[in-house]
Structures are given as structure tokens and as C-alpha cells.
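Take a look at the structure below.
The values are calculated or read from the model by the stated rules, or taken from the named source; none is laboratory data. Here the structure is a predicted model, which means the values were calculated and not measured. Quick reminder, even Gly has a Cβ in these numbers, built from the backbone with ideal geometry, and neighbours come from all protein chains shown. To get the accessible areas, we keep the full protein, side chains included, count just its heavy atoms, and leave off ligands, DNA and RNA. Shrake-Rupley method; radii C 1.70, N 1.55, O 1.52, S 1.80 Å.
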Amino acid sequence: MQIAQDLIQKEQEIAPYAYTQAGGVADYLAIPTSIAELTALLDWAKHESLPVHVFGRLSNLVVRSGGLRGLVILTTELKAVQQENNQLLAQAGCDIIWLAALARDKSLTGLEWSAGIPGSVGGAVFMNAGAYGGQADMVVSSVLAVMPDLSLKTFTKDELEFGYRHSVFQENGGVIVQATFDLAPGDQQAIQEKMDQVNLARANKQPLSCPSNGSVFKRPTGYFAGKLIMDAGLQGTRVGGVEVSKKHAGFMVNMDQGTGNDYEDLIHLVQEKVFEEYHVRLEPEVRILGDR
């Protein structure tokens, strides 16, 4: 497959693209504008024997300060959406917030829970994102992905293996390029009211004014991660420029030019302290990648 070499940038800082505003340098970085370009990039990396990392908005990710080896592909320009009756077929780079607003404009209900999630369609599917009583697996009926052999495969609902913050793409090496959302006709005003409630709850509880990854830890069985962290007296604890939020203990915020290593070290510190205090092991919801 032919690829325009100016599509591939060498030695690019990851931080400007990340919600945390942290992260080292990628050996190569590319932002394809079509599925064909993305497939060609995967083919080029395969030919060059390079590892590949595919991200959307980098909103659930910590990239260590040493950066990422190989090729980083950002899907943010893959954002076309088609409507088929009550379905929205959205490419992986669509902001899930924008898709929720589009569904509202089309009087389709089912995505209100995602009105404040700062991620992409691909990321939401990959992590089975959820909030405020909703989750990707409640509305996603199929997914189109580029497989490691560069073939396109459509995954049915049963093949997606959705679980808590899990999908089959965490194991099979497939790159999500499009998802089909099964929605239902609804009243536009009622949909907007639900979205307003979600956004108000976020604004009241979450530290939205500082760079962060959102909720850092998965919910441990029988507990709430944020409450355990708060009860352990860890709010305001800082490593480098990254701090456990004083507003919501489940968040870590970049207060002063924090690095990916700061995030990781603070995550480990919180895990250790909570385990010492409550014998509960907190498992990160965010992915931690790259070299130290």
C-alpha cells in the first residue's frame, strides 16, 4: 500500500494531544483522514517492523516520560457519521460527547450518559466506557475493525466480549474504525434535560478545570475507589506536578507541568496506601504505556 510520507511525523511530543498534558516523545506519529490511510499506516509499520499504538483522544491513558517506541496513530480525523433509521454509524475518532449531541439533535435517546465523557468512539468501545447508569455495551451493536492481517472484520455484539471496562480489542490486536450505535426515538427536550443533569453532576463532583484522565481506578468489588482514597487521607497528595484531586479523590490532576512518570508514581503511591489501610487492591482504569 502506498502512503504519503508527509503523513508520518518523526519525534513528536505526545503531551499536546493528551488530556493529561503529559507524555514523552513518539518515534513516529500520524493522523490518518480515512480508513484506507489508517490501513496503509499499519502496513507501513508492519513492513518497518515497528510496534503500533492507536489512540483517539488519549483521555484514558498515561504515557510515561520516556515516550513510545514505534508508530503512534491518532484517529481524531476519522469522524464521519451516518444515520440508518435509529442507528448511528460513527467512525472511531468521533468525540463521544459530540455524538451524544448529534443523537439529541436527531431525537435519538440512549447516549445521554456519555454527554460529558472526554473520549472518542473508539476509546469508548475499547474500554467499554460508562457513566451515570449507561455503558457502551448497552448501545453498541457491531464494530468494524482492521485486523493484524490488515483485513476488515465486522464484530457482532456477541463477539465484542464486553465486560467491565473490557472489550475483545484489548486482546485481539484489532484496530476499531467504526461502531454502530442502536438508539431509540425520544423527545429532544427530555434528552437534553438528561444530558444537562449528567453535565451538572460532573461539574459539581469532578475537577474539570485541570488536565486529568478522569476516574483513575476501577471500582473494587464492594467499594468505591474515590471513597477509599478520600478516607485514607490522600486528597491533595502530590508527586511532582500531579495531585490527587481535592474535589474528587478518584481523579488525579496535572497542577504544574506534571509528567507521565509523576502520574504513574502517584498511582502506585495511592495503591500502596489504600492497601496498607484497607487491604483493598486498586486496579487502574487508565492504561499506562511507554518507557520510563
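Within the set of pairs 6+ apart or on separate chains, which have a first residue in the stretch 35-47 that is farther than 16 Å from residue 77 by Cα, a second that is of a type in the set (Gly, Ala, Ser), and C-beta atoms under 8 Å apart?
45/70
When you scan the stretch 1-32, how many residues do you find that are open to solvent by 10 Å² or more (accessible area, probe 1.4 Å) and part of a strand (DSSP E or B)?
Let us first name the residues in the stretch 1-32 that are open to solvent by 10 Å² or more (accessible area, probe 1.4 Å), namely 1-13, 15-17, 19, 21, 23, 25, 27-28, 31.
In the following step, the residues that additionally are part of a strand (DSSP E or B) were identified as 8-13, 25, 27-28.
Of the residues in that region, 9 qualify.
Please work out if residue 122 is crowded, with 19+ Cβ neighbours inside 10 Å and not in a loop (DSSP other than H, G, I, E, B).
Working: crowded, with 19+ Cβ neighbours inside 10 Å: yes; not in a loop (DSSP other than H, G, I, E, B): yes.
Against the criterion (crowded, with 19+ Cβ neighbours inside 10 Å and not in a loop (DSSP other than H, G, I, E, B)), residue 122 qualifies.
From the list 214, 258, which residue is in a loop (DSSP other than H, G, I, E, B), in contact (Cβ under 8 Å) with a residue 60 or more places away in the chain and under 24 Å from residue 26 (Cα atoms)?
Numbers: 214 fails: in a loop (DSSP other than H, G, I, E, B).
When all the criteria are applied, what remains is 258.
Residues in the stretch 33-54: is at least one out of contact with any His (no Cβ under 6 Å at 6 or more places or on another chain), crowded, with 21+ Cβ neighbours inside 10 Å and in a loop (DSSP other than H, G, I, E, B)?
No, that holds for no residue.
Residues of the stretch 186-209 being under 27 Å from residue 242 (Cβ atoms) and open to solvent by less than 40 Å² (accessible area, probe 1.4 Å), which ones?
198, 201, 202, 206, 207
Residue-wise test of (1) within 21 Å of residue 271 (Cβ to Cβ); (2) free of Cβ contacts under 8 Å to residues at least 40 places away in the same chain.
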| position | (1), (2) |
| --- | --- |
| 164 | yes, no |
| 173 | no, yes |
| 177 | no, no |
| 181 | no, no |
| 187 | no, no |
| 194 | no, no |
| 204 | no, yes |
| 208 | no, yes |
| 220 | yes, no |
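Restricting to the stretch 127-185, and then to whatever is charged (D, E, K, R) and more than 30 Å from residue 50 (Cβ to Cβ), can you tell me which residue is least open to solvent (accessible area, probe 1.4 Å)? Break it down stepwise before answering.
Filtering the stretch 127-185 for residues charged (D, E, K, R) gives 137, 149, 153, 157-159, 161, 165, 171, 182.
If we keep only those that are more than 30 Å from residue 50 (Cβ to Cβ) as well, we get 137, 157-158, 182.
Numbers: 137: 37, 157: 83, 158: 140, 182: 69 Å².
That would be 137.
In the set 80, 90, which member is crowded, with 17+ Cβ neighbours inside 10 Å and not acidic (Asp, Glu)? Don't jump to the end; show me each part of the working.
Details: 80 fails: crowded, with 17+ Cβ neighbours inside 10 Å.
When all the criteria are applied, what remains is 90.
Residues being more than 24 Å from residue 205 (Cα to Cα) and open to solvent by less than 40 Å² (accessible area, probe 1.4 Å): count how many of those fall in the stretch 242-287.
2
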